[in-house]
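K.L.:
One structure, as structure tokens, below. Some questions next.
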Amino acid sequence: EDAAPTAEPSAWLRALADHFTQSRADYDDLDRRAGDGDFGGNMELAFASSVTRAAGPDASLADDLRSMADAFGNDVGGSSGPLLGLVLTGLAEAVEDAGDGDLPPAVGEGLRAGMASVTRAGGAQPGDRTFLDALAPAVADAGTPLDAAAVQRAVDGAAATADLVGKRGRSSYVGDKAIGVPDPGAVALVQVLAAIVER
Ligand code: ADP
Ligand code: MG
Ligand code: MG
């Protein structure tokens, strides 16, 4: 079968990819204050690759999450590619397993599994100024679904990273220079979680 020539992805994945293209410079700026300034470019590439890998406009959520997990894990460098790839892999597996079942609890379960993988791979805990500071408050307890209230907790957690000194990744090299600036990974993850809930 011929490779589909840049078929349009599902609407929610297109909207996310557009967000990360339009906000690339803003995310780069956040990362410049606490890292090396490439986070926006990494996200733009990750979503461009997710769109390329996507099955098409009618792809299931599980299929889209799998395309994103493969894109982040295989096509993007830095910390964010592989580590957000682990979150997306946990999500994709949980949603695949849920089949036609109830989605919000499956998504919550997948996020918790992804969080555990990220901690195993990267050693960060909540409080270290990473995207885990958005993810952990959203779905901390077993059985917590990903719903609008969980997204609000992620929003609050991402905002609170502005008061944190980095303990992992490049932000740990800049000390309190990053105070006042939120962690770009946390801000970006909020966008992904909100898009899943609103889709
Ligand atoms: P790099 O620092 O390699 O340039 P990116 O700019 O792509 O990586 O990604 C930076 C983001 O990665 C940070 O905003 C943070 O949220 C996340 N991050 C960095 N290190 C870790 C870690 N050990 N565990 C979880 N997230 C991390
Ligand atoms: Mg960076
Ligand atoms: Mg980098």
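The values are calculated or read from the model by the stated rules, or taken from the named source; none is laboratory data. What you see is a predicted model; the values in this text were computed from it and never measured. Reconstructed Cβ throughout: ideal geometry from the backbone, glycine too, with neighbour counts over all protein chains shown.
K.L.:
Here are some conditions: (1) part of a helix (DSSP H, G or I); (2) of a type in the set (A, V, I, L, M); (3) farther than 20 Å from G85 by Cβ; (4) more than 16 Å from ligand 1 (Cβ to nearest atom). A25 meets all but one. Which one does it not meet?
P.N.:
Condition (4) is where A25 drops out.
K.L.:
So for the range 48-59 (the condition being within 16 Å of ligand 1 (Cβ to nearest atom), buried (at least 23 other Cβ atoms within 10 Å of the Cβ) and either at pLDDT 95 or above or over 28 Å from R129 (Cβ atoms) (or both)), does at least one residue qualify?
P.N.:
Initial filter on the range 48-59 (within 16 Å of ligand 1 (Cβ to nearest atom)): 48-50.
So of that shortlist, the ones also buried (at least 23 other Cβ atoms within 10 Å of the Cβ) come out as 50.
Narrowing the set further to residues that are either at pLDDT 95 or above or over 28 Å from R129 (Cβ atoms) (or both) leaves 50.
Looking for residues that are within 16 Å of ligand 1 (Cβ to nearest atom), buried (at least 23 other Cβ atoms within 10 Å of the Cβ) and either at pLDDT 95 or above or over 28 Å from R129 (Cβ atoms) (or both), one finds at least one in the range 48-59, hence yes.
K.L.:
If I go through the range 120-136 residue by residue, how many of them are farther than 15 Å from G85 by Cβ and out of contact with any Ser or Thr (no Cβ under 7 Å at 6 or more places or on another chain)?
P.N.:
So the count comes out to 6.
K.L.:
Also, quick follow-up: Given the criteria modelled with pLDDT under 95 and surrounded by 18 or more Cβ atoms within 10 Å (Cβ to Cβ), does G90 qualify? It would help to see each step written out before you state the result.
P.N.:
Values: modelled with pLDDT under 95: no; surrounded by 18 or more Cβ atoms within 10 Å (Cβ to Cβ): yes.
Criteria not met by G90.
K.L.:
Next up: Can you say whether A149 is over 16 Å from the mean Cα position of the chain (by Cα), in a helix (DSSP H, G or I) and away from ligand 1 (no atom under 16 Å from the Cβ), as far as the supplied structure shows? I'd like the intermediate steps shown before the answer.
P.N.:
On the way: over 16 Å from the mean Cα position of the chain (by Cα): yes; in a helix (DSSP H, G or I): yes; away from ligand 1 (no atom under 16 Å from the Cβ): yes.
It is true that A149 is over 16 Å from the mean Cα position of the chain (by Cα), in a helix (DSSP H, G or I) and away from ligand 1 (no atom under 16 Å from the Cβ).
K.L.:
Test of understanding: among D36, D31, which residue is within 16 Å of ligand 2 (Cβ to nearest atom) and assigned to a helix (DSSP H, G or I)?
P.N.:
Working: D36 fails: assigned to a helix (DSSP H, G or I).
The conditions single out D31.
K.L.:
Also: Report, ordered by the first and then the second residue, all pairs with beta carbons closer than 7 Å, sequence separation of six or more or different chains, a first member in the range 186-197 that is touching a residue at least 12 places away in the same chain (Cβ under 8 Å), and a second member that is crowded, with 24+ Cβ neighbours inside 10 Å and of a type in the set (D, E, K, R).
P.N.:
Listed by first residue and then by second, the contacts come to A186/D133.
K.L.:
So, one more: Among residues belonging to the range 68-104 that are among the charged types (D, E, K, R) and outside any helix (DSSP H, G or I), point out the one that is nearest to ligand 2 (Cβ to nearest atom).
P.N.:
D102
K.L.:
Next question. Looking for something farther than 28 Å from G169 by Cα and over 13 Å from the mean Cα position of the chain (by Cα) - is there at least one such residue anywhere in the range 71-91? Let's see the steps before the verdict.
P.N.:
Kept after step one, since they are farther than 28 Å from G169 by Cα, are these residues of the range 71-91: none.
No, the conditions are met nowhere in the range 71-91.
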